[in-house]
Amino acid sequence: MKKRIPNTKYQIPNTKSGFTLIELLVAIFIFSLIAVAIVSVFVSTATSYGKAKAIKTVKENAEFAMASIAKDVRMGRIVNPSAGYSDGSLDKYLMVSRNKGGKICYYLDRTAGSSYLGVITGVTDGATACPDPTSSTYNKMVNLSGTGMEFSSNAGFYSCPTDISTTESSCLATLPEKGRGWVEINLNIDMVPGKEMEADQVNIQTIVSSRDYGWQEVN
């Protein structure tokens, strides 16, 4: 009896061979590179968005504060503030006498790490200087503490008081009958060195004059 030879013409080849260890390691390595790249892009985008949002929020707060100061200046009289910064005529205090009575004081602190712009209301009419922030509480309109930002060295107030009897004041703007004061508001903000931000500086400035020409006649 002849031995039967199996027919291999229609047999399905064995395809169950798996990955080798080297192929598996290479695949894991490539996948890890892709995953790290995706995570890095996501973290970078989220960080940039957070910094841009922080700058936008601070800028909006500073612009709102500037508008509030400008409103008080227009509707009141500028009073000589107490001694402030020593660089030129730049001052960290601004005192405004309101037409409805009482005075309001603004204070800008440029201390590194705890910069803020504060306001205190209800100052008595007889006060000639703004309250000291070490003994009085100023409500913080713009607080830069912990934001990676601080008020720049040229932030503050340049003001000319609404005091027509002060003839020695070189800033006094006089008209034929009456004079009025003005203030330049500088709320420029710098980024703290060593902390990467989306901008180098935020510049917020304006000049506002009082609508009150004074309550005395110029002789």
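Tabulated values for the structure
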| quantity | calculated |
| --- | --- |
| Estimated inter-spin distance, ASN139 and THR111, nm [label 7 Å along Cα→Cβ] | 2.2 nm |
| Trypsin sites (Lys or Arg not before Pro) within region 44-120: DSSP coil, no more than 14 neighbouring Cβ in 10 Å | LYS100 |
| Karplus-derived HN-Hα couplings along region 32-41 (A = 6.51, B = -1.76, C = 1.60, θ = phi - 60°), whole Hz, x at Gly and Pro | 5, 4, 5, 5, 5, 4, 5, 5, 4, 5 |
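Bear in mind that the values in this text are calculations on the coordinates, not laboratory data. What you are looking at is a predicted structure, and each value in this text was computed from that prediction instead of being measured. Cβ coordinates were reconstructed from backbone atoms using ideal geometry, including for glycine residues, and neighbour counts include every protein chain displayed.
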